[in-house]
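What follows is calculated from the coordinates using simple rules that are stated; it is not laboratory data. The shown structure was predicted, so the numbers you read here are calculated from the model rather than taken from an experiment. Here the Cβ is made from the backbone with ideal geometry for all residues, glycine too, and neighbour counts use every protein chain on show.
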Amino acid sequence: MPWQAELPLAGEKPLAADETPRTIALGDRIVPYVLRRARRRTIGLTIDHRGLRVGAPPRASLREVESLILRHGDWVAQKLDEWRTRRRPEVLKIVDGVRLPLLGESLEIRLALGNNLALWNEHGNATLPVLTLCLRSPTHASRVLEKALRGKALQLFAERLKHYADRLGLAAPPLSLSAARTRWGSCSSKTGIRLNWRLVHFAPHVVDYVVAHELAHLREMNHSPRFWAVVGQLYPDYRATRDELKSLAAHCPQW
């Protein structure tokens, strides 16, 4: 059965009803993991600060699941060790004057009284963009900020998706935003492409890599050499940017 390794993103939540905790022996270490049964075509391995999580179709047997984990045991062990030594990002407090990254640059947040609207470049200057959150109450800051950043993300992602779809000779597929805890993007031949809105924090070339990665799945729904050949056709420097994204994930702002 094919498998998919998914890019990790910080975040955590309790186990859902369709998730089961299990353990597996990898060499001389016992590795706990969470198995989730879902409507999907492949077995997917995800590793983040919570540990190993496996998504599998209902028809996949436990033997198939654990056989795949064992085949990729070295990769699993390496990624688990990387996450153990990685510092988790601090929770960002949305206060007047706080700065956060936007497309790899610095964005200043200002707070004002208002009707829960976000205004771009109010009181800004040539060197530092400003986003003013006009709030009924400071407690609404996080929600208004996220809505503003989602709007910026959707506009940018749609532009880049069309750019790379044109290069593949395809019509741009449907695009939606996600707030997935463990993936930067996903692709479905039926529903289109979903991109994590928090990518808007990173430089445009990182966004381009994720867009190219997900579009390539429309040609190859796997991570085979053929898939990476399509990614390389769209985005030749994908290896370096893939490594950069792994590093950036540890510093993605959370609030």
- Message: If each residue of separation counts as 0.36 nm, what is the full-extension length gain between R239 and T20 once their alpha-carbon separation is subtracted?
- Response: 75.5 nm
- Item | Mean-position separation - Cα centroids, segment 129-203 and segment 14-58, in angstrom | 27 Å
- Task: Subtract the Cα-Cα distance of L128 and K246 from 0.36 nm times their separation in residues, and report this length gain in nm to one decimal.
- Result: 39.8 nm
- Residue span D166 to R219: 0.36 nm per residue of separation minus Cα-Cα distance leaves a gain in nm of 17.7 nm
- Between R150 and R71, take the C-beta separation as r, use R0 = 30 Å, and let me know the FRET efficiency to the nearest 0.05. 0.20
- Query: Per 5 Å bin from zero, what fraction in whole % of the C-alpha pairs of the chain is there, up to the bin with the longest pair?
  - Reply: 1, 5, 12, 15, 16, 16, 13, 10, 6, 3, 1, 0, 0
